[in-house]
Ligand SMILES: Nc1ncnc2c1ncn2[C@@H]1O[C@H](COP(=O)(O)OP(=O)(O)OP(=O)(O)O)[C@@H](O)[C@H]1O
Ligand SMILES: [Mg+2]
């Protein structure tokens, strides 16, 4: 163990004091030679002086440093009293400076993450207003044209009203997605877990999306015939949303006349994995890491044409993470993509 700095300080101080008092003592005994002191007494005296000065200096020093350091602790802890009060106050300067350093680093880290978050927030707000602007201006455009006289032409007014309504639908869709995301992020969305047959759910989503798929002549299939139900545990409404978002993507970014295949496979001991594979445009590697970010789109113009705002995958990720499950993406540019997620099995198969 290293000797504390304060001990060394006290040791040398008392050493000097003892040394000088012994010189004075010698001078005194020699000049007044009539006083005779035995050398053992002198030695005893010196030892006593040394020990006492050492103890007094050490005690005073600790008290002094302790008081000063306590002041530092108090003023630093003003910033965040909860952090520092946990650690006991020390009178060792080295430990203190290490702790202050640690404290400063922590604060710096916090500031850095706050700045980052502030950046995200700004970007997010910018994205929202940008996303809302397009449909809003569309609606406004049609309404103004109607107000300018187009309303008198029955055929045109009908058409324009329908288009304006489409813009409103789009706005509602974005607001609904944002609402869901904010709920998922603030974690006040309670999962309503239950057991259900995943095969049946996938079939239902297939049926719901049939019209949409037909428009691009894309077929939605299982990879094989699933004879028996596969029971899983999860929030059925949320998982339906996940399947819908992934399947809609496979339709939107799949190639015309293409095929989307869904498979349900065994994954680890008590999990299954649902894979959704398309033979569409694929995603380049550099985009894959950011795919699940809010508003992230690979190709702005193409997604816009498909009416996407880049929230779909972000919602998917939130839901899967809320289930404590995993999501994976594999893709080959121009060849196709495979999105997959895991779910808890009801019974071990
Ligand atoms: N199956 C896929 N094949 C190719 N690219 C895809 C696929 N799925 C997603 N992407 C790319 O990832 C981007 C983000 O997808 P996401 O679902 O989050 O947003 P979106 O489909 O553009 O809009 P939204 O789902 O909110 O309507 C898409 O814009 C698209 O470029
Ligand atoms: Mg999408």
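Values in this text are rule-based calculations from the coordinates and carry no lab data. Note that this is a predicted model, so its numbers are computed, not measured. For neighbour counting, all protein chains shown are included, and Cβ atoms are generated from backbone atoms with ideal geometry for every residue, glycine included.
Numbers below:
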| item | result |
| --- | --- |
| GNM top mover of 55, 106, 243 - the chain, alpha-carbon springs below 10 Å | 55 |
| Evaluated over the stretch 308-349, the Cα radius of gyration and Dmax, each in Å | 13.1, 40 |
| Quotient of Cα Rg and 2.2 N^0.38 Å for the chain, N being how many residues it contains | 1.87 |
| Alpha-carbon centroid distance for the pair the stretch 261-297 / the stretch 36-74, whole angstrom | 73 Å |
| Separation of alpha-carbon centers, the stretch 306-349 and the stretch 162-200, rounded to whole Å | 16 Å |
| Rounded to whole Å, sorted largest first: equivalent-ellipsoid semi-axes of the stretch 219-319, Cα gyration tensor | 25, 17, 12 |
| Over the chain: helical MRE at 222 nm, DSSP H runs n ≥ 4 each giving -39500 (n - 2.57), nearest 500 | -21500 deg cm²/dmol |
| Residue of 27, 239, 128 that the Gaussian network model of the chain assigns the largest fluctuation, springs spanning Cα pairs under 10 Å | 27 |
| Residue 7/residue 48 FRET efficiency (R0 30 Å; Cβ-Cβ; nearest 0.05) | 0.95 |
| Rounded, prolate or oblate (a/c below 1.5 giving rounded, otherwise prolate when a/b exceeds b/c) for the stretch 142-208 by Cα gyration tensor | oblate |
| Choice from 54, 328, 103 showing the highest fluctuation, given a GNM over the chain with Cα pairs closer than 10 Å | 54 |
| Rounded, prolate or oblate (a/c below 1.5 giving rounded, otherwise prolate when a/b exceeds b/c) for the stretch 142-264 by Cα gyration tensor | oblate |
